[in-house]
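Everything below concerns the one structure shown next.
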Amino acid sequence: MTQRSFSLFRPFSKVGTDILKLSLAAAGVQGIALVALPFLQRFFYTPEAFADFTLYSQLAGILGAIATARMDLAVVQHNGERLARAALHNGLHVLYFTTGIALLLALGLNWGGFQMGQVPGLWFGLPLGVASLGIGALASSWLTRDQAFGTLARYRTAGGTAGEALRFAFVGLGHVGLIAGRVAGQWLTAALAWRACQKGQTRGIRPTRDERRAAWSMDWDYLRFTTPSNLLSMAANACLVFFLFEYATRDFVGQVGTALAYLTAASGLVIRSVNDVFFRHLKDIEPQKLPSLYLKWALGLTSLTAVGCVILHAIPGSLVSQLLGEQWSAMLPAMKWLSLWMMPWVAASSLSGVFPHLRRQALAFGLDVGHLLLLSFWLWLNWSHAGQESISSIGMDILKEYAMIQGGFYAIALVVGWRICKIGVRH
């Protein structure tokens, strides 16, 4: 093997090793979550309780994704420590604002008479959850920058395990117990990662005001394009839950939400691990090799997800009712339909780092605007006229249509991602 070929493939073998570290740790956490979830369903919480938790998860996911104006990505990309630290401080300042927005949103939903505003403790749990996600993202980005993937994996394992255990411990809180346990686990992960982040920084260095301004100038596209794009993307994927929460029965929302929880426990393992490491190593990959590597990863991830879908569809429908009770009878059919759009979604989300890497944030923003508008108009025109009981009784029809729309969009997103890899960096 020539020196040139060795230097080409060595970074990507390192990508695989780093992904494996995070994947094994995340697999342990998700494994615990998947083992705990049936017990929580069978013995501790009703579908209505999981409906409230699903709403919290979607709201926290949206605000958590933009909590730092994606300065977590900027921290990873800066080569110098001073600029990286300046980006981290900028992200913290944004987080103060986002946490306040979370509180106002929870209170506004309640004052506005929305069903979403009736979730117990949302006004308290949502700001705390968003703050923990923001701190965790910034600290994790510093550990990713230092390639401390083993440390990051351990902290995610500790926080995830503690969070699942506390959901059992907090059962006396009623519906709030599911939310409280999750928030506590997120704070543990954030605290551990932040402590390691502080230890990894050179002592005595504090970014000046000019350095923070310079970082803002360099990172402006993350705020201008990446942050709104993430907001739109998360909102598009959550709009079904928001719609169902207002227009369907709480029982049906809980079953759909729990179906999503099972699916995202598995797919989230792949997305988070690949995305963390793939984005970090993108600058180590030669531009002319990026399109073929993107295509290989896209096909591999789609195939992996397809295998999971085949296994899921082979599970007999009566099994869930036997294990969890008749109250959960709609969960497995919902999982089977929702799993179909996750084949292209897992690949597109895992490899989405190519857009900011190639400075195509504006393109990603345009895709996400179209995605949200498509889903919003579909829900409003096709389903807003149906009554609560009507949607719940024919709920699989709405899930079938949703799966087709989502699958089509993310297939297009994969093609666009591959295309911009061929075109290269926009100057």
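The values are calculated or read from the model by the stated rules, or taken from the named source; none is laboratory data. Predicted, not measured: the structure shown is a model, and the values here were computed from it. Counting neighbours? That spans all protein chains shown, and the Cβs are built from the backbone with ideal geometry, glycine included.
In the set A248, A191, which member is more than 19 Å from the chain's Cα centre (by Cα) and surrounded by fewer than 19 Cβ atoms within 10 Å (Cβ to Cβ)?
Residue meeting the stated conditions: A191.
Can you confirm whether the stretch 285-302 contains a residue that is in a helix (DSSP H, G or I), modelled with pLDDT under 90 and over 20 Å from R419 (Cβ atoms)?
Looking through the stretch 285-302, none of the residues is in a helix (DSSP H, G or I), modelled with pLDDT under 90 and over 20 Å from R419 (Cβ atoms).
Looking for something more than 19 Å from the chain's Cα centre (by Cα), of a type in the set (D, E, K, R) and surrounded by fewer than 18 Cβ atoms within 10 Å (Cβ to Cβ) - is there at least one such residue anywhere in the stretch 136-145?
So far as the stretch 136-145 goes, no, none of its residues is more than 19 Å from the chain's Cα centre (by Cα), of a type in the set (D, E, K, R) and surrounded by fewer than 18 Cβ atoms within 10 Å (Cβ to Cβ).
Among the listed residues T68, T54, which satisfies the condition of being outside any helix (DSSP H, G or I), at pLDDT 85 or above and within 17 Å of the chain's Cα centre (by Cα)?
Checking each option against the conditions leaves just T68.
Where residues in the stretch 382-395 are in a helix (DSSP H, G or I) and of a type in the set (S, T, N, Q), which of them is modelled with the highest pLDDT?
Among those that are in a helix (DSSP H, G or I) and of a type in the set (S, T, N, Q), it is N382.
Looking at the stretch 91-111, can you tell me whether even one residue there is surrounded by fewer than 19 Cβ atoms within 10 Å (Cβ to Cβ), outside the structural domain of T258 (by TED's automatic domain parsing), out of contact with any Pro (no Cβ under 9 Å at 6 or more places or on another chain) and not in a helix (DSSP H, G or I)?
Scanning the stretch 91-111, I find no residue that is surrounded by fewer than 19 Cβ atoms within 10 Å (Cβ to Cβ), outside the structural domain of T258 (by TED's automatic domain parsing), out of contact with any Pro (no Cβ under 9 Å at 6 or more places or on another chain) and not in a helix (DSSP H, G or I), so the answer is no.
Could you list all residues from the stretch 64-82 that are within 15 Å of T99 (Cα to Cα) and touching a Ser or Thr at 6+ places or on another chain (Cβ under 6 Å)?
I66, A67, A69, R70, listed by residue number.
Residues in the stretch 311-321: is at least one of a type in the set (S, T, Y) and crowded, with 21+ Cβ neighbours inside 10 Å?
No, the conditions are met nowhere in the stretch 311-321.
Only one residue in R154, R224 is surrounded by fewer than 18 Cβ atoms within 10 Å (Cβ to Cβ), in contact (Cβ under 8 Å) with a residue 12 or more places away in the chain, over 30 Å from Q41 (Cβ atoms) and out of contact with any strand residue (DSSP E or B) (no Cβ under 9 Å at 6 or more places or on another chain). Which one?
Going through R154, R224 in turn, just one is surrounded by fewer than 18 Cβ atoms within 10 Å (Cβ to Cβ), in contact (Cβ under 8 Å) with a residue 12 or more places away in the chain, over 30 Å from Q41 (Cβ atoms) and out of contact with any strand residue (DSSP E or B) (no Cβ under 9 Å at 6 or more places or on another chain): R224.
Listed here are the residues, each with its yes/no results for (1) of a type outside the set (F, W, Y); (2) at negative phi; (3) at pLDDT 90 or above; (4) surrounded by fewer than 18 Cβ atoms within 10 Å (Cβ to Cβ).
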{"residue": "M342", "(1), (2), (3), (4)": "yes, yes, no, no"}
{"residue": "S349", "(1), (2), (3), (4)": "yes, yes, no, no"}
{"residue": "R359", "(1), (2), (3), (4)": "yes, no, no, yes"}
{"residue": "L367", "(1), (2), (3), (4)": "yes, yes, no, no"}
{"residue": "W380", "(1), (2), (3), (4)": "no, yes, no, yes"}
{"residue": "D397", "(1), (2), (3), (4)": "yes, yes, no, yes"}
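Which residues, taken from the stretch 37-51, are part of a helix (DSSP H, G or I) and under 13 Å from F170 (Cβ atoms)?
L40, F44, A49
With the requirement that a residue be free of Cβ contacts under 8 Å to residues at least 60 places away in the same chain and within 14 Å of C197 (Cβ to Cβ), what does the stretch 74-87 give you?
Correct list: empty.
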